[in-house]
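Notes for the one structure printed next.
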Amino acid sequence: MGMLERIDIRPFLKKYSGQVECVSVGGESGPKARLCDFAWVLDSHMQCVEFGADFHFHQTGANFKKGSKVYDIPRDQQHTQAKKAGLDTHDGILLSCEGYCKKEDAD
């Protein structure tokens, strides 16, 4: 399931401190994809930074909002566009395009 709203994961990051391997977020793909707002992604990223949890933004989704503009992102560009955001972290360090949390992306 894609990221459909801003969520507060702090209670889980606090409760399971040191046990959360990685928080991975992304939008939905496909013709009926619901909106994924970049502000929600940034908020989740900051929560992970706050608690020292690794973070992976794996795809924008097809229906992606950044600021006041909504973008229709083709399927073959959703992963690349997410990587360009430069939000992936491991041990508190921002990673380049190939992140620690990156495993086979499930569609």
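At a glance:
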{"item": "Inter-label distance, nm, simple model (7 Å from Cα along the C-beta direction), ALA85/GLU5", "result": "1.9 nm"}
{"item": "Contact order normalised by residue count of the chain, Cα under 8 Å, 6+ apart, percent", "result": "25 percent"}
{"item": "Helix 38-51 vs. the chain, principal-axis angle (Cα, 0 to 90°, nearest 10)", "result": "10 degrees"}
{"item": "At most 15 other Cβ within 10 Å, DSSP loop - GluC sites (Glu not before Pro), region 1-79", "result": "GLU5, GLU21"}
{"item": "When each of LYS15/LYS69; LYS32/LYS84; LYS14/LYS84; LYS32/LYS69; LYS32/LYS83 is checked by Cα-Cα distance, pairs over 26 Å", "result": "LYS15/LYS69; LYS14/LYS84"}
{"item": "Beta bridges by DSSP in region 10-94, antiparallel share as percent, to the nearest 5", "result": "55 percent"}
{"item": "Length released on extending from TYR16 to SER68, taking residue separation times 0.36 nm less the Cα-Cα span", "result": "15.2 nm"}
{"item": "Under-5 Å amide H pairs with GLY61, H placed in peptide plane, nonlocal only", "result": "GLY27"}
{"item": "Loop chymotrypsin sites (Phe, Trp or Tyr not before Pro), region 1-94, which have at most 15 other Cβ atoms in a 10 Å radius of their Cβ (DSSP)", "result": "TYR16"}
{"item": "DSSP-loop trypsin sites (Lys or Arg not before Pro) across region 4-90, with at most 10 other Cβ within 10 angstrom", "result": "LYS32"}
{"item": "Normalised per residue, the volume of the convex hull around the Cα set of the chain (Å³)", "result": "95 Å³"}
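Bear in mind that the values in this text are calculations on the coordinates, not laboratory data. All figures in this text were calculated on a predicted structure; none of them were measured in a lab. Cβ coordinates were reconstructed from backbone atoms using ideal geometry, including for glycine residues, and neighbour counts include every protein chain displayed.
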